[in-house]
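Down below is the structure, laid out as structure tokens.
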Amino acid sequence: LSFLLQSLHQLSQRTISTASRRQLENRVPEMQKLFQEDNGIPVHLKGGAMDAILYRLTMGMSVFG
């Protein structure tokens, strides 16, 4: 039991320490450009296909609900 707890502790420490070293790419400026672009698309659909699917699903649930 002691060995198991010790190995879990080492694994958790290793996972935390490697995750903090990874640099995440800052995508905020490119997303701001996308959402501020004047292309005639409503802001709630500018995120792409997934936004369109969620919008249609929500509208469908509203109509049938």
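Karplus-derived 3J(HN,Hα) values for the range 54-60, using 6.51 cos²θ - 1.76 cosθ + 1.60 with θ = phi - 60°, are 5, 4, 5, 4, 5, 5, x Hz; glycine and proline are entered as x.
Summing charges over all other residues whose Cβ lies under 14 Å from the Cβ of Pro42, with Lys and Arg as +1 and Asp and Glu as -1, gives -1.
Hey, can you find the accessible area per residue of the chain for me, probe 1.4 Å, expressed in square angstrom?
Numbers: 6190 Å² over 65 residues.
Normalised by residue count, the accessible surface of the chain is 95 Å².
Note on the range 1-64: dipole from Cβ charges, positive end direction compared against Leu57, Leu1, Ser12; the farthest Cα belongs to Leu1.
Rg ratio for the chain: its Cα radius of gyration over 2.2 N^0.38 Å, N being its residue count, equals 2.05.
The values are calculated or read from the model by the stated rules, or taken from the named source; none is laboratory data. What you see is a predicted model; the values in this text were computed from it and never measured. Glycine gets a Cβ as well: all are built from the backbone with ideal geometry, and neighbour counts include every protein chain shown. All accessible areas refer to the heavy atoms of the entire protein, side chains included, with ligands and DNA or RNA removed. Shrake-Rupley method; radii C 1.70, N 1.55, O 1.52, S 1.80 Å.
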